[in-house]
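Shown next, in structure tokens, is the structure this report addresses.
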Amino acid sequence: MAKIVIVDDEPFILMMIEDKLKRAGFEVVTVNNSQSALESIRTERPDLVILDWMMPDMSGLDICRALKSDGGLSGIPVVMLTAKGQEDDEKLGLSFGVERYITKPFSPKALLENVIEILASRGK
Amino acid sequence: MRKTLIYNFFILLLAFALAMIVPLYFLIDRTSAGIIHELGKVAPLSFEQRLVFTKLIQNVKDNLISMSFYTFVIAFMISLFFGRRLLKPLKELYAAATSIKEGNFEIQVDVSGESELKDVSSAFNGMARALKEKTEELVWKDRYVSMMMDPLWVIGNDDRIIDINPAFTKLFGYERDDVIGYLVYELMDEENEKVMRKQLQFREDGMTSTYELQVISKRGELIPVLITGAPIYNEKNELAGKIGIMKDFRKETALRRALNQANDYQRAIMDSMPDMLVVIDRGFNIQMANKAAQEAADGDFAGMQCYQLFYSRQDNCNTAGGKECPVANVFATGKPHKSVHEHIENGRQVSREVIAFPIKDEAGYVNNVVAIARDVTEKKVFEVEIAQKNKELITLLGISKSLNQSLRSEEIFGGVLEKLVEMTGMDGGSIFFLDEMGRELSCKYHKGLSADFMKESGPFRIGEDVPGRAAATGQTFTTSDLSNDPRAEKSVFRHTGIRACAAFPITGKEKTTGVFVIFSFNPHVFSLEEERILNSVGEMAGMALENIRLYERMRMLFQHQRWRKTEEQKQLLQVASVLTTKLDLKEMLNTALMIVKNTIRADFVWFLEPDQRNNLVLKSAPEGGVPEDTVVYDAGDNSIEGYALEKKEPVIISELQIESDFQISSHLAERKFKTACAIPVYSGDKALAVVSFYCSTFKQPKEEDIFFLQTIASILDVAIERARLYEKTILDKGMSETILESIEDGIITVDPEGGVISMNRTAGELAGLAPSSAIGSKCTELFGGSEENARLNILLLKDLERCMKGEQTQHNITITSGKGMKVPVLLNGFPVKNKDGSSMGVVFAFRNNSRQEEVNRLKSDFIRSISHEFRTPLSAIVGMSEMLLEEQMEKEKEEVYLSTILSEGQRLSDMVSDLLDLATIESGKEILRIKDLDMAGMLSEIKEEFQAPLHKKGASLELRINGQLPAFSGDAEKLKRMLRNIIDNSLTYSNPGCRVEITAAGKNSHIELVIKDNGWGIPPDELNHIGEKFYRARNASNIKGTGLGLSLSKEIIRMHNGKIQIDSKNPGGTTVRLQFPSRRAKR
């Protein structure tokens, strides 16, 4: 069963995504602050990470950059979840090697579909 | 050497001797044997005989040996003698050769003796002399070459450098080893290589030439040199190489570049002139012409003469005396000359002002003349008009002064006549008054003619001669030449030599009271304008005459009126002086009307002008309260003013309410005026304006009032014209200077080296320099003292280079202004091109972008933050609703979801109301709900509210109340919101575990609150912007926020008459200091 780590500072968003993914049968780990995000990802070794962009202390982009530069973790696909809705924001995000860029507000169903698609393309 | 020669001689001689003696010996031996044999044949020889014979031969043989010895000795002696003789000159030659070899060319070999050795010696001497000369020459050459100040190189036939001199090393830094053997082209770039190759080809062809070249020095500099190159031939007259002697041309090149540049600038300046500018030689041929002149000559001025270009004439205007020819004048006098030339061009009268300046050579001889031709047709018309109007005005003023200052008619008219004569440039004149019966004109005053003549000619009857004629017809009589005028055949004035003459009636109220005559002894054509003036003077004089009579009567009757009259006169003079000094039309009108109003004692005066559609437009109304340029009467309205204009005469309505035929403007209707008077202002037939006054009382305006107004109106007429002309001229002149100075962009013009040529006011302000002080310095030295400006200066250098290649540049950069402010600017660089398309300078335009950039950033920041702030709660609402609809949720979960949707919906709505609140407060519609407040209690409440977020962040909040706080009242809700915002900011823009301190204290009659944190702080350059709506500091861009909180807080503080001061260190934390005046709510 694929394992997914979700990082977001808004508890209700964590809850919502967790519910949706768990119902679809995924194993889910939620992280509600950016500082412990990297540590959790290292220990959990998930198959996919869902990241919020705008968080205090460390932005989702920073976490993504750290992931991509870590040999052991760089293969993990990242879905960026953000309220930054402008086109150049999306370009910036994709330039960091983000797999999908989903803007808030979002449909949990669409998010789930994206997750399944990414994992399927990687044979999981 | 010596021995060898002697031995050789000796051996030679010895060998010679032996060669002689040995055969002799054998010959004797053989011959003797033969003789014995022959003798034996003849007669057998006896033994004795044979013995004697043999003895004899033996004796001969023995003697031969001794002779051999003797020969031996002789040979030795001879060889010694000759050897010595030969050896001496040889020795000398040897010594001399050795000496020459050692470099001593002074030696001479003794050439005494007769042998061939003498020839050898003298040949040797010749050789030594030649050698000496050649060597000396070589030494000198060598010395000269190495002493030469000018660098040189010698180049072989393979284009490689063979030799250089020390000056070459000095100039270029290359030592001999650096260059000798190398291709000469290695010392230059491609362009110069081409020149060099061509020059070397010239040498191959045996030519000598001088050329310029840029050689790359060892230090990598391009050094310009002037080279004189010549071929070098060997003795066989074959080309052995090429020599080039150089002159350091750096200074000259710089000088020439400066000259060229000056020329280019001059050219550009010349071409930018709208006036024609040409250089003319002594044959009046155009040598050079600027763009304007070239255009006028249809591009080709070659072979054109100046008069063809300037005056469209084919013959030299100088042939007719040349007084007015400015060019000829300058050639003759060597001084600048200016003249105005009038001619017909394309059927149009054109006035061209030609200013000519000499171009002198060193000896002071004028070779050429620069002539600038400016079309002054329009200006001239203006000038003529202005001069005319001024003249008119002055005369009229003088006349009106005379008319009003004096009450003695002769004095008045004498003065008027003199002024008239002066104004028209006449030689004299006379005034005739009609007698009471209206039959005879008698002379009262005359000037320029003898009293006897006037006496004799006696009074003229009506209709008789020139004065009588004018009096009879009531019309002005003018003639350009009396002696040729059939109308004046019998005139007595013909005998006086009078040529031009004008007679005009003095008319009062429709009645002629006298005649003015002015004349000149030269012919003169009176212009319509002059006639008009003469007419009006006649009318004014007539009025004045009547006025005087009236006044005298009045004085008799009303003594007390005297005061008023003088006052009125004073006022009139005041108007006159106002009109002559003021050029501002509005001010002039206003002043004049005020005086009119006060003098007439009217309640209201205005000055109306008909516009193109004949609507009457208000131009001036002192204290009237009606705005200028208001249309007060439409074209069709039946107004008093319109009627006066139509009638061309003053209209007086003394009972306005009763005579209601006229429409009264809505601006005046309420004021219920009872009397109105309108005086039209005419210029010829053209209705210029109408002045009218209104009184609240019934009033019959006196005639002198009307006259006074008419006088003012006629003065106003010329004054208005004059003022308009001046306004136009001043406008034209100031336009171009004003444009550059008024441009909001900073403009700096630089030369190709980056030297500042000009700088406008804005650029000066930006750099913090006086524009004049910047001229001449480098453009990279104008801005300094910061990293931004260092970048700017690098950019300016690059742009300068690019622009000089003809490109245009543009950058968005930030610079530090002279006041130390960071200013974002759009920097544009444009090349200034001269005619051949190359750049001769660069214009840098600095557009201050700060406002635009800030507004843009704020706008997009706002959109971003607002959309972001809205997106997060919307995520809950949209996402969770979808979950609720699509999934089968447990009851408990369902509740959590629904309550989250509710609270996030609430958050969204809060945000919207925040925005709305701010908008309301800013629009000034928000009202405070003021109540007495317990500040300390309120602060504690807020502290409680923050417990949850504080805990989450691991932060601490400390509240300190120092002493008893003064009484305070305010809107509790708003104040709480403000404090929450500030504390929230402290917590948001800081690291976990931060500390916030709130201190409240009473200070005099104020409450002071200090909120201090140890958070991230605000970057110093952004501190000024904090609190501006939607402004968010750059280091906060990843944090959620609308940028509204502090703006809202600031507004709330302002509403409470409070003050806010924010100090911040980045990093180090922020201190917000709030001060509120202590107060009590009103009960």
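The values are calculated or read from the model by the stated rules, or taken from the named source; none is laboratory data. Everything numeric here is computed off the predicted structure, so don't read it as measured data. Because the Cβ atoms are built from the backbone with ideal geometry, glycine has one as well, and the counts that use them run over all protein chains shown.
Among residues of the range B:617-637 that are in contact (Cβ under 8 Å) with a residue 60 or more places away in the chain, those with a beta-carbon under 9 Å from a residue that is surrounded by 15 or more Cβ atoms within 10 Å (Cβ to Cβ) at least six positions away or on a different chain give the pairs B:K619/B:L585; B:K619/B:L589; B:K619/B:W606; B:K619/B:F607; B:K619/B:L608; B:K619/B:E609; B:K619/B:A689.
Results for (1) more than 14 Å from chain A (Cβ to nearest Cβ); (2) over 30 Å from A:K22 (Cα atoms); (3) modelled with pLDDT of 85 or more, shown as yes or no for each residue.
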| position | (1), (2), (3) |
| --- | --- |
| B:E890 | no, no, yes |
| B:V912 | yes, yes, no |
| B:L918 | yes, yes, no |
| B:M935 | yes, yes, yes |
| B:P949 | no, no, no |
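Between B:V537, B:V492, the distinction of being at pLDDT 80 or above and in the same structural domain as B:E422 (by TED's automatic domain parsing) belongs to B:V492 only. Does A:V115 count as more than 13 Å from chain B (Cβ to nearest Cβ), touching a residue at least 60 places away in the same chain (Cβ under 8 Å), in contact with a helix residue (DSSP H, G or I) (Cβ under 9 Å, 6 or more places away or on another chain) and closer than 24 Å to B:E904 by Cβ? It is true that A:V115 is more than 13 Å from chain B (Cβ to nearest Cβ), touching a residue at least 60 places away in the same chain (Cβ under 8 Å), in contact with a helix residue (DSSP H, G or I) (Cβ under 9 Å, 6 or more places away or on another chain) and closer than 24 Å to B:E904 by Cβ. Taking the listed residues B:L200, B:L171, the one that is within 29 Å of B:D751 (Cα to Cα), in a helix (DSSP H, G or I) and aliphatic (A, V, I, L, M) is B:L171, with no other qualifying. Within the range A:100-110, restricting attention to residues that are surrounded by fewer than 20 Cβ atoms within 10 Å (Cβ to Cβ) and part of a helix (DSSP H, G or I), the residue that is nearest to the other protein chains (Cβ to nearest Cβ) is A:K109.
Check whether at least one residue in the range A:38-54 is surrounded by fewer than 18 Cβ atoms within 10 Å (Cβ to Cβ), within 14 Å of chain B (Cβ to nearest Cβ) and in contact with a helix residue (DSSP H, G or I) (Cβ under 9 Å, 6 or more places away or on another chain), and report yes or no. Within the range A:38-54 (the criterion being surrounded by fewer than 18 Cβ atoms within 10 Å (Cβ to Cβ), within 14 Å of chain B (Cβ to nearest Cβ) and in contact with a helix residue (DSSP H, G or I) (Cβ under 9 Å, 6 or more places away or on another chain)), the answer is no, since none of the residues qualifies. Within the range B:763-810, the set of residues being without any contact (Cβ under 8 Å) to a residue 24 or more places away in the chain, over 17 Å from the mean Cα position of the chain (by Cα) and part of a loop (DSSP other than H, G, I, E, B) comprises B:G784, B:Q808. When A:L67, A:L92, A:L112, A:L119 are checked against the criterion of being at pLDDT 85 or above and under 24 Å from A:P56 (Cβ atoms), a single residue qualifies: A:L67. In this entry, B:T478 is excluded by the filter for residues that are assigned to a strand (DSSP E or B), of a type in the set (V, I, T) and either surrounded by fewer than 16 Cβ atoms within 10 Å (Cβ to Cβ) or more than 60 Å from the chain's Cα centre (by Cα) (or both). The residue of the range A:55-87 that is surrounded by the most Cβ atoms within 10 Å (Cβ to Cβ), among those that are away from chain B (no Cβ under 13 Å) and part of a helix (DSSP H, G or I), is A:L67. Outside the structural domain of B:L1023 (by TED's automatic domain parsing), in contact with a strand residue (DSSP E or B) (Cβ under 8 Å, 6 or more places away or on another chain) and either at pLDDT below 85 or surrounded by fewer than 13 Cβ atoms within 10 Å (Cβ to Cβ) (or both): does that describe B:S838? It is false that B:S838 is outside the structural domain of B:L1023 (by TED's automatic domain parsing), in contact with a strand residue (DSSP E or B) (Cβ under 8 Å, 6 or more places away or on another chain) and either at pLDDT below 85 or surrounded by fewer than 13 Cβ atoms within 10 Å (Cβ to Cβ) (or both).
The set of residues in the range B:443-463 that are outside any loop (DSSP other than H, G, I, E, B) and either in contact with a Cys (Cβ under 9 Å, 6 or more places away or on another chain) or under 11 Å from B:T513 (Cα atoms) (or both) comprises B:M454, B:K455, B:S457, B:F460. When B:K194 is tested against (1) within 16 Å of B:F168 (Cα to Cα); (2) at pLDDT 85 or above, exactly one condition is not met: (1). Just wondering, is there one or more residues in the range B:1032-1049 that are outside any loop (DSSP other than H, G, I, E, B), over 48 Å from the mean Cα position of the chain (by Cα), surrounded by fewer than 18 Cβ atoms within 10 Å (Cβ to Cβ) and modelled with pLDDT of 80 or more? Taking every residue of the range B:1032-1049 in turn, none turns out to be outside any loop (DSSP other than H, G, I, E, B), over 48 Å from the mean Cα position of the chain (by Cα), surrounded by fewer than 18 Cβ atoms within 10 Å (Cβ to Cβ) and modelled with pLDDT of 80 or more.
Determine whether B:A972 is without any contact (Cβ under 8 Å) to a residue 60 or more places away in the chain, aliphatic (A, V, I, L, M) and within 14 Å of chain A (Cβ to nearest Cβ). So B:A972 fails the test. Filtered by the rule that a residue be in contact with an Asp or Glu (Cβ under 7 Å, 6 or more places away or on another chain), modelled with pLDDT of 85 or more and at the interface with another protein chain (Cβ under 10 Å from one of its Cβ atoms), the range B:857-888 gives B:A876, B:I877, B:M883. The set of residues from the range B:761-782 being in contact with a helix residue (DSSP H, G or I) (Cβ under 9 Å, 6 or more places away or on another chain) and among the β-branched types (V, I, T) comprises B:T762, B:T780.
For the subset of the range B:987-999 comprising residues that are under 12 Å from B:K1012 (Cβ atoms) and aliphatic (A, V, I, L, M), which member is farthest from the other protein chains (Cβ to nearest Cβ)?
Selected residue: B:I998.
In the set (1) of a type outside the set (D, E, K, R); (2) within 14 Å of another protein chain (Cβ to nearest Cβ); (3) in contact with a strand residue (DSSP E or B) (Cβ under 9 Å, 6 or more places away or on another chain), the condition left unmet by A:L92 is number (3).
The residues of the range B:895-910 that are surrounded by 13 or more Cβ atoms within 10 Å (Cβ to Cβ), over 16 Å from A:P105 (Cα atoms) and more than 11 Å from chain A (Cβ to nearest Cβ) amount to a single one, B:L898.
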